[in-house]
Amino acid sequence: MTSVVDKPQKKLLGKIIITSTLVVETGLHIGGGGENLDIGGLDKPVIRDPMTQRPYLPGSSIKGKLRAILERWLQKPLNRAGGSGTYRYESDDLEDGYTEISQGKFVRYEGARTCKLSRVFGSTGGSSCYLKEDIINSEDLDKKGNATIINGEEYIKTKGRNHAARLIVRDCHLTEESAKKLEKIDTGLYMTEWKFENGIDRVTAAANPRQLERVPAGSEFKFEMVYTVEDESQAAEDLENLAIALAILEDDALGGHGSRGYGKIRFENFEIEYRDIKHYQEIASGGGKFLPVAIKDIGEFLSRFSDVKALLPAKTP
């Protein structure tokens with residue numbers, strides 16, 4: 001006997017493109033993993049564009065930092081084991097359920113369809129998770145054993161499903177004006193600076209000198225992130241959470257060694273555009289909805305968030 005099932009795609013309503021200038025306020029280090037360690041050379045070089053040899057900021061580093069900030073702010077539980085006894089948060093499935101972190105010990109997670117973190121940054125489904133039987137049956141998932149009682153209710157083990165990220169964070173490359181300034185500095189390194197440090201063993205008092213490469217304070221990078229609008233009822237909240245994460249990042253640090261003063265940044269001159277599907281269909285006509293005036297910094301971004309919300313599609317009833 002055959003049956004026809006409906007498995008629709010997620011909606012694509014449009015894209016929100018947010019651009020800004022990322023200004024480095026204290027020397028910043030994002031490691032490039034140098035292949036060789038020469039005598040007298042750098043212990044920790046920065047990552048560079050292989051075509052231009054200019055330093056750049058990987059989008060993955062910025063996105064990972066924003067995710068970590070929101071994970072803490074939203075008080076997400078630590079349900080996924082990492083290396084060296086560490087844990088992180090993941091939505092193990094699209095629907096709410098439990099993760100078994102050790103024999104008989106369960107942590108509840110929120111499904112990626114509604115989780116404020118996972119629906120934006122994406123989530124990798126767990127190799128196993130525990131869902132209610134009606135969800136497993138309605139979504140035609142495989143069962144892995146009999147029912148287990150968790151917190152007084154029956155759950156069944158199954159394989160979790162992935163959720164694609166709505167957010168893209170581009171690699172940040174130097175502005176041309178900033179690149180010209182950095183080309184003129186004389187530090188013995190191309191567009192960067194040496195930072196000499198001396199670690200002292202607290203027990204033996206032995207010195208451990210090292211040399212780190214940093215992007216100098218005052219460097220400016222082109223920042224861009226793109227948010228895919230899939231759900232009108234969630235888009236405004238997602239964008240507001242991202243704006244708050246950017247504000248927290250300004251008071252935190254990007255890259256390594258932040259507790260020692262590295263990696264203070266700020267964002268300037270935001271431009272925000274919403275491109276709906278009609279814009280892409282009629283791209284030759286130059287459509288798109290912009291904020292009429294650029295936003296100078298993250299504080300103004302948050303204070304004018306009602307203007308940003310006005311760009312988004314109206315909620316469908």
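For the reader, a short list of remarks on this structure follows.
- For the peptides 1-7, 95-101, residues were scored by their other Cβ atoms within 10 Å and the scores averaged per peptide; the highest-first order is 95-101, 1-7.
- Backbone N under 14 Å from the ILE168 label point (7 Å along Cα→Cβ), restricted to the range 50-64: 59-60
- Checking [x] 111, 43, 34; [y] 75, 63, 37; [z] 61, 39, 35 against Cα extents along the principal axes in Å calculated from these atoms, the matching label is [y].
- Our estimate of slack between GLU153 and ALA310, defined as 0.36 nm per intervening residue step minus the Cα-Cα distance, is 52.2 nm.
- Cross-link table LYS65/LYS143; LYS15/LYS143; LYS11/LYS157; LYS15/LYS44, entries beyond 32 Å C-alpha to C-alpha: LYS65/LYS143; LYS15/LYS143; LYS15/LYS44
- Whole-Å distance, taken between Cα centres, linking the range 211-257 and the range 95-129: 24
- FRET efficiency estimate (nearest 0.05) - Cβ-Cβ, LYS278 to ILE248, R0 35 angstrom: 0.50
- Among GLY125, GLY27, GLY152, residue whose mean-square fluctuation peaks in a GNM of the chain (springs only between Cα atoms under 10 Å): GLY152
- Using the Cβ-Cβ distance between GLN103 and LEU291 with R0 set to 35 Å, the FRET efficiency from 1/(1 + (r/R0)^6) comes to roughly 0.05.
- Karplus-based coupling profile of the range 118-132, in residue order and whole Hz: 5, 5, 8, 8, x, 8, 8, x, x, 4, 7, 8, 10, 10, 5, with θ = phi - 60° in 6.51 cos²θ - 1.76 cosθ + 1.60 and x standing for Gly or Pro.
- Anchor LYS132: aspartates and glutamates whose Cα lies under 19 Å away (excluding residues fewer than 8 positions away in-chain): GLU90, ASP92, ASP93, GLU95, ASP96, GLU100, GLU110, ASP140, ASP142, GLU153, GLU154
- The residues of the range 123-254 have, on average, 52 Å² of accessible surface per residue, using a 1.4 Å probe with all protein chains present.
- Over 27 Å between alpha carbons, listed pairs LYS63/LYS309; LYS7/LYS63; LYS105/LYS144; LYS180/LYS296; LYS10/LYS116: LYS7/LYS63
- Computed in the context of the full set of protein chains, the accessible area of the chain at 1.4 Å probe radius has 49% of its extent on carbon or sulfur.
- Test item: Cα-centred dipole of the range 125-218, Lys/Arg +1 and Asp/Glu -1 on Cβ, debye: 160
- Taking a Cβ cut-off of under 15 Å around ARG266, the surrounding Lys, Arg, Asp and Glu residues balance to a net charge of -4, with basic ones at +1 and acidic ones at -1.
- Nearest-10 value in Å² for the accessible area of HIS173, using the 1.4 Å probe: 70
The values are calculated or read from the model by the stated rules, or taken from the named source; none is laboratory data. Please read all numbers here as calculations on a predicted model, not as lab measurements. For neighbour counting, all protein chains shown are included, and Cβ atoms are generated from backbone atoms with ideal geometry for every residue, glycine included. Keep in mind that these areas ignore ligands, DNA and RNA; they rest on the heavy atoms of the full protein, side chains included. Shrake-Rupley method; radii C 1.70, N 1.55, O 1.52, S 1.80 Å.
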